[in-house]
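Worksheet: one structure, shown below.
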Amino acid sequence: MQLPLASFPSPIFLMHEARLRHNLERMKKVQEEAGIKIVLALKGFSMYSTFPLVKQYLAGSTASSLHEARLGFEEFGGETHVYSPAYREDEFDELLTYAGHYSFNSLSQYLKFKDKLFAARPDAKAGIRINPEYSTVSVDLYNPCIPGSRLGIRAEDLPETLPEGISFLHSHNLCESDSFALEQTLENIERLFGRFLPHIKLLNLGGGHLMTRDDYDVDHLIRTLRNFKAKYPHLELMLEPGSAVAWQTGYLVSTVLDIVNSKGIQVAILDCSVSAHMPDVIEMPYKPKIHGATDPMPGKPTYRFGGQTCLAGDFVGDYSFEKPLQPGDKIVFDDMMHYTMVKTTTFNGINLPHIGIWKENDSYEHVKSFGYHDFKSRL
Ligand SMILES: Cc1ncc(COP(=O)(O)O)c(C=O)c1O
């Protein structure tokens, strides 16, 4: 069914629920056929109005902070994992009320918090984040294995045996990667950290596994995980993707406010902002897909899209359309559910986009709208 674009408030992050379920079904298959556990990385996707659906499929959530841990505990349930480059002493007591699994980024952090952790939660699981010194990620911003990385302990910096109480290893080195990158990661883990594998109970292989992308080789992923499990039958394996859960599950629907001519370039100004609402477009950078548009084609009406802030760089590249655009036209950016809502700002005082869900039964559920208080309360 064609989405009734004109009926939504603008701009809006619009979740397409059927697409989310489609992804979750694939993740269910991976969990069942590989015999592993998958939890949602909240840093990538925290739209908790969808959690009643997501939690039917995934084992829990993983947090990068106190607030994410609380959200995961209160709104998701199941297992609550947490990892932080460094925990804060003044937050740790509260954190203990939410999370069951704690991944430590250094031995010094583990030694600092372990007594408190096991005294308050004798059932808690403690692990360390390792640096497998392998990544296929070409953008340094997303590569935890760059020289000088602060994320994870290198094998050479670990003693011969793990400190008492450590029951899992945690590795995160991928980003929108395929299953062959995971296969290589596992080889590195065995080569560098193999001496620890017989002594731990769980190996958390982090996020970055884009198993919901159409061309992802899910069967190879399942085979890779099964082969590894066959070698280490005592080990539980888990993945904690964010992007893969919300991959291509919804849109940022915006409206053309004006069209200006800048030395022959037609610039359409939208009621949203690239910098404030889809910052990865600038940070990564990448060019998002727009429905009904192509890359620039000679002879076709072509536009550059600019945001509503006064930041000169608040724009996204050029696109061609079949027909000229008019103020009031809707522009639909595709694949805008992950690393968008969790990263928005109110820069320039621009309002945050509404949030809504296009439900599986083709009805619209309005989740929330924002206003002046959201802007002011942060300042
Ligand atoms: C430790 C950790 N786990 C999981 C993820 C989720 O990764 P992705 O959204 O690429 O699957 C990230 C992302 O940065 C991460 O740092």
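The values are calculated or read from the model by the stated rules, or taken from the named source; none is laboratory data. None of the values given here were measured: they were computed from a predicted structure. Cβ sites come from the backbone with ideal geometry, for glycine too, and all protein chains shown count toward neighbours.
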- Task: Identify the residue in segment 193-210 that is closer than 12 Å to VAL39 by Cβ and among the aliphatic types (A, V, I, L, M) and, among all such residues, is nearest to the ligand (Cβ to nearest atom).
- Result: LEU205
- Of HIS101, HIS81, the only residue that is crowded, with 20+ Cβ neighbours inside 10 Å, within 13 Å of GLY165 (Cα to Cα) and touching a residue at least 12 places away in the same chain (Cβ under 8 Å) is HIS101
- Is it the case that THR212 is within 21 Å of the chain's Cα centre (by Cα) and either surrounded by fewer than 17 Cβ atoms within 10 Å (Cβ to Cβ) or part of a loop (DSSP other than H, G, I, E, B) (or both)? yes
- Item | Per-region count, segment 136-157, residues away from the ligand (no atom under 13 Å from the Cβ), assigned to a loop (DSSP other than H, G, I, E, B) and under 25 Å from SER108 (Cα atoms) | 4
- Item | strands (runs of 3 or more DSSP E) wholly inside segment 305-379 that include at least 3 residues being in contact (Cβ under 8 Å) with a residue 40 or more places away in the chain and outside the structural domain of ASP258 (by TED's automatic domain parsing) | none
- Query: Among the residues of segment 244-268, which ones are within 16 Å of the ligand (Cβ to nearest atom) and in contact with a Phe, Trp or Tyr (Cβ under 7 Å, 6 or more places away or on another chain)?
  - Reply: VAL245, ALA246, GLY250
- Residues of segment 257-309 being closer than 28 Å to HIS338 by Cα and among the β-branched types (Val, Ile, Thr), in sequence order, are VAL267, ILE269, VAL274, VAL281, ILE282, ILE290, THR294, THR302, THR309
- Message: Would you confirm, using the coordinates I've provided, whether GLU160 is in the same structural domain as PRO85 (by TED's automatic domain parsing), away from the ligand (no atom under 13 Å from the Cβ) and at negative phi?
- Response: yes
